[in-house]
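All remarks here apply to the structure that follows.
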Amino acid sequence: MSDRAINARSSRLRNLFANVLSGKQGITDANTSLFLEAICDQSDPATCIQRLVSSGHGFLALQSALRINTSPTFLNGPLPSFLRYLQAPELKSICGGDILRQVISKIVEPPYTWNAFIEAVKSNQINEDGLDGFLWLLL
């Protein structure tokens, strides 16, 4: 992909992120993966997660994005990418790790995604990236 195409995609992802956080756009089947990609496209994880948590719509959107699609495709692609993003060292130290725990709680409670993750692991439907994300959640 050319730099121009990458910049255009990044710009669209930033717009989606801003629109969801402001409540102008909701989470749907069609944009669930894009929303997680938009989160991961933010260059500063600490600022991104702070914006997500403090937004009146962001945290609910994240919860929706993590519930809508629990297919192996989602568990092996967008979700592990999001979990890698959450592993940024600075997120562990913000508010003593409380903010990171709040975000992780959206993955495991209610347990739609977590249960799907467990079943996919048990049935060998998880790739290496998905398994890495699963194991990180266990730690």
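The values are calculated or read from the model by the stated rules, or taken from the named source; none is laboratory data. Small disclaimer: the values here were computed from a predicted structure and weren't measured. Only protein heavy atoms, including side chains, enter the accessible area calculation; ligands, DNA and RNA are left aside. Shrake-Rupley method; radii C 1.70, N 1.55, O 1.52, S 1.80 Å.
Could you look at the range 1-109 and say what percent of its accessible area is carbon and sulfur, using a 1.4 Å probe and all protein chains?
Values: 2800 of 5510 Å².
Answer for the range 1-109 is 51 percent, counting heavy atoms of protein chains only.
Cross-link reach is defined here as a Cα-Cα straight distance under 25 Å, omitting same-chain residues fewer than 8 places apart; for Lys92 the lysines meeting it are Lys106. Quick one: check the C-alpha center-to-center distance for the range 1-29 versus the range 65-107, whole angstrom. Here the answer is 19 Å between Cα centres. Long hydrophobic helices in the chain, taken as whole DSSP H segments with a C-alpha length of 24 Å or more on their own axis and mean Kyte-Doolittle hydropathy at least -1.0: 3-22. Overall shape of the chain was characterised from the C-alpha gyration tensor. The equivalent ellipsoid obtained from it has semi-axes of 22, 18, 15 Å, in decreasing order.
Accessible surface area normalised per residue over the chain is 54 Å², counting heavy atoms of protein chains with a 1.4 Å rolling probe.
Counted over all Cα-Cα pairs of the range 64-139, pairs farther apart than 19 Å make up 30 percent.
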